[in-house]
1. Can you tell me how many residues in the stretch 38-59 are part of a helix (DSSP H, G or I) and within 15 Å of the chain's Cα centre (by Cα)?
2. Take the residues of the stretch 157-179 that are modelled with pLDDT of 95 or more and among the polar types (S, T, N, Q): which is farthest from the chain's Cα centre (by Cα)?
3. What number of residues within the stretch 65-91 satisfy the criterion of being assigned to a loop (DSSP other than H, G, I, E, B) and either aliphatic (A, V, I, L, M) or closer than 15 Å to PRO133 by Cα (or both)?
4. Of the residues that sit in the stretch 121-156 and are within 16 Å of the chain's Cα centre (by Cα) and charged (D, E, K, R), which one is surrounded by the fewest Cβ atoms within 10 Å (Cβ to Cβ)?
5. When you scan the stretch 85-102, do you find a residue that is in contact (Cβ under 8 Å) with a residue 60 or more places away in the chain, closer than 18 Å to HIS154 by Cα and not hydrophobic (A, V, I, L, M, F, W, C), even just one?
6. Could you tell me which numbered condition THR30 fails, if it satisfies all but one of (1) out of contact with any Ser or Thr (no Cβ under 8 Å at 6 or more places or on another chain); (2) outside any helix (DSSP H, G or I); (3) surrounded by 14 or more Cβ atoms within 10 Å (Cβ to Cβ); (4) not aliphatic (A, V, I, L, M)?
7. Outside any loop (DSSP other than H, G, I, E, B), modelled with pLDDT of 95 or more, of a type in the set (Gly, Ala, Ser) and touching a His at 6+ places or on another chain (Cβ under 9 Å): which single residue out of ALA62, ALA35, ALA109, ALA103 fits that description?
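The values are calculated or read from the model by the stated rules, or taken from the named source; none is laboratory data. What you are looking at is a predicted structure, and each value in this text was computed from that prediction instead of being measured. Neighbour counts run over all protein chains shown; Cβ positions are idealised from the backbone, glycine included.
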Amino acid sequence: MPELNPYARFLDAGTSLAEVAEILAATPATLVSLAKAIGPERIDSAPAPGKWSAAQILCHLADCEIAFAFRLRQTLAEEHHILQPFDQDRWAAPYANIPAQQALATFAALRDWNLTLVHNAPADAAGKPVTHPERGAMTFSTILETMAGHDRNHLAQLQRLAATSLDSPAQAPIDNKQR
């Protein structure tokens, strides 16, 4: 069975829920800065054949925020709910036609709404159980930790793209397959 949180390696050991919430809250502004640093002339350019552009990464983040929004709400509302996985590659099919700024605005609005939910969740929400059919039993907190690690993974990809000059190729192709 795959690991419970495949993004845990992007978080420091012992990261508290308060620190997770800080990561989640900071991500939209960091994305805006990175999109600006990458610039409109490069945002749609893939770093290598078969790899996502920065715009496509932003689309993926917006789509994932939709999935996380539903998962968080299912976890709070249902007893022992079984989450629905999704195929990121199938969801990515229309990304080439979606403007980066639209994806970024969608992500920011959804993240704000998700954080409102998190801040207003019942005191016992952190331990509320839920099952991911591919990863196993987890909790509301595990979903939040997964979100934060997922953010950090894609922020690092975008930072590498931002650091790559217009005249030089990307130092290493970006792995879109880390889920």
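1. 6
2. GLN159
3. Residues in the stretch 65-91 being assigned to a loop (DSSP other than H, G, I, E, B) and either aliphatic (A, V, I, L, M) or closer than 15 Å to PRO133 by Cα (or both): 6 in total.
4. ARG152
5. Yes; the residues of the stretch 85-102 include at least one that is in contact (Cβ under 8 Å) with a residue 60 or more places away in the chain, closer than 18 Å to HIS154 by Cα and not hydrophobic (A, V, I, L, M, F, W, C).
6. (2)
7. ALA103
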